[in-house]
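> This is the structure, below, for whatever I ask next.
The values are calculated or read from the model by the stated rules, or taken from the named source; none is laboratory data. As the structure is a prediction and not an experimental result, all values here were calculated from the model. Accessible surface is based on the protein model in full, side chains and every heavy atom, while ligands, DNA and RNA are left aside. Shrake-Rupley method; radii C 1.70, N 1.55, O 1.52, S 1.80 Å.
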Amino acid sequence: QEKLVESGGGLVQAGGSLRLSCEASGSIFSFARMGWYRQAQGKQRELVASISTGGSTTYGDSVKGRFTISRDNAKNTVYLQMNSLKPEDTAVYYCNLRLVTMDSWGQGTQVTVSS
């Protein structure tokens, strides 16, 4: 299993921005699809954004136009830039690394957006 460490969460006012980072250990990062998921209290975990090895991106409908996922293979790191945050974006955000034979998750970082 690949170890993933998220950072960058916190408390922000509505309309503000945060940037999440997720650093992977090991040497397989550049071969993996990376994603950000979130889970709000009492709700199921949902996809926020994902990025392929070639840089193609996918976003959840609720974050399109506000969030941007990117990756730096030299740093084994994936980022999630979150702009125009809303209270409904409040959740624990998880980093995910996926290969055919591996599905690893980070410990999660809390994002709280106050109104």
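> Can you give me the Cα centroid spacing of region 27-64 and region 72-93 in angstrom?
The two parts, judged by their Cα centres, are 9 Å apart.
> In the full protein assembly as shown, how much of GLU46 is accessible to a 1.4 Å probe, in Å² to the nearest 10?
The accessible area of GLU46 comes to roughly 80 Å².
> With θ set to phi - 60°, apply the Karplus curve 6.51 cos²θ - 1.76 cosθ + 1.60 along region 17-23 and write out the HN-Hα couplings as whole Hz, x wherever there is a Gly or Pro.
For region 17-23, the Karplus-derived couplings read 10, 9, 10, 8, 10, 9, 9 Hz, x marking Gly and Pro.
> Using a 1.4 angstrom probe on heavy atoms only, work out the carbon and sulfur share of the accessible area of the chain in %.
Details: 2850 of 6020 Å².
Using a 1.4 Å probe with all protein chains present, the chain comes out at 47 percent carbon and sulfur.
> May I pose another question? Among DSSP beta bridges whose residues both lie in the chain, state the antiparallel percentage, nearest 5.
Percent antiparallel among DSSP bridges in the chain is about 90.
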